[in-house]
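First the structure, in the form of structure tokens, and then the observations on it.
A short reminder: the numbers here are calculations on the coordinates, not readings from a lab. For clarity, every value in this text was computed on a predicted model and none was experimentally measured. Note: ideal-geometry Cβ built from the backbone for every residue, glycine included; neighbour counts use all protein chains shown.
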Amino acid sequence: MDKILAIFKNSVNSPDIRRKLLFTALIFAVSRVFAHIPVSGVNLLQLKALFAQNQFLGLLDIFSGGTLANFSVMALGLNPYINASIIFQLLGMVFPKIEELQKEGEQGRQKINQYTRMLTVPLAMLQGVGMYALLRNQGIISVLNPLDLVSFLVVTTAGTMLLVWMGEMITDKGVGNGISLLIFAGIISRLPVMFGQTASTVNAQNFFNLGVFAVMGLVVIASIVIINEATRQITVYYAKQVRGNKMYGGQSTHLPLRLNQAGVIPIIFAVSLVLLPSLIANYFAVSKIPVLHDIATLITVWLNPNGFFYNALYFILVVGFTYFYTAVVFNPKKISEEIQKYGGFIPGIRPGAPTAKYLNYILTRITLAGALFLGVIAIFPTIARAATNVQNLLLGGTGILIVVSVILETIKAIEAQLVMRNYEGFAKK
């Protein structure tokens, strides 16, 4: 806690970082203002009643930051952009040209981001059609003529693209990952509502269960912090080298391999994918075609947030995306080449391919522990709700994981900028 307070104090005293923090806060404020500008023609009272009765929609509303329950111009949230990012990550494993772009560094990343934004538009419009069909079937929105429907889709799609733009602005001119921070802000904004709903239902019978739930929450938060900070230290020795009249090397260092290399990204990807089939099923649930109606009903039953199949699928997706994203962000072959380039070696392991194989072996083992932990955290709220009968706190382990992980990553980003500015100040002296 003292370290966090010191980082906050130093960041406030630094003009550049203070400017970035204020810019990030400004974007947060603007996003929350747009989150409360409703789309015309929607009966908000009926909409909130529908979200209160449907646990799937309630969970989706949490990750949209309450924009769905208000059905604001940002009602679709960042889900279309996240789905587009998943698609391009998967396409990189199939198409060599996209894989080459992913390996081109900053220039390739910018091109991938541009293509991702382009794909976000049709995905947002498709999701907008699904949401309109759901609201129309529930009698929450009147039947729109083609021109009004186009206007509805344009407004909701523009809201999503505005959120994407805000996220990129935070990444470029603020602190931390903008997309993750906007999701974090949306989840945090829903906490007062959820706590208020829970407090209104507290009585002598469930007060003890609520206390048990709170203790579980503290244990989950502590576990997330421990796992996120856990690393496996790989000792690397550097041989002595003579360059000109100077001698370099002859020292040892450590290569830290994090237990959770992928951070919060697997959870965000898994949530987006596991919620998408239910959203599509809600659209076809009232179809007059018997086959489509039966399939949609079956999907709705199977993907019940309290059901076994939903939680099993969620667990598998989290584990799979953890391995997948770890492979994207950490390349053992490249790391081994860098170690060999500077005359380094791991004791007992030959440089080159054997080093890459050893790093891959270690990374696979520690990633398994991290992936299983993320999977358990993701499905644990269902077990906790069943054991304590506290149903209003829908945030659960997934939301807590996102909140805690984003806070830790943002603190590290601020700390890195402080360290960089200290080095710059020392160099100027």
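Tabulated data
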quantity	calculated
Given K334/K412; K97/K357; K97/K333; K111/K357; K173/K341; K111/K333, the pairs whose alpha carbons are separated by over 28 Å	K111/K357; K173/K341
Potential lengthening between I87 and Y115 on full extension [0.36 nm per residue; Cα-Cα distance subtracted]	9.0 nm
Efficiency of FRET between K48 and L26 - r from beta-carbon atoms, R0 22 angstrom, step 0.05	0.15
Linear extension gain, M420 paired with W302, 0.36 nm per residue minus alpha-carbon span	37.4 nm
Radius, Kirkwood style, for segment 256-328 when every pair of distinct Cα atoms is counted (Å)	13.6 Å
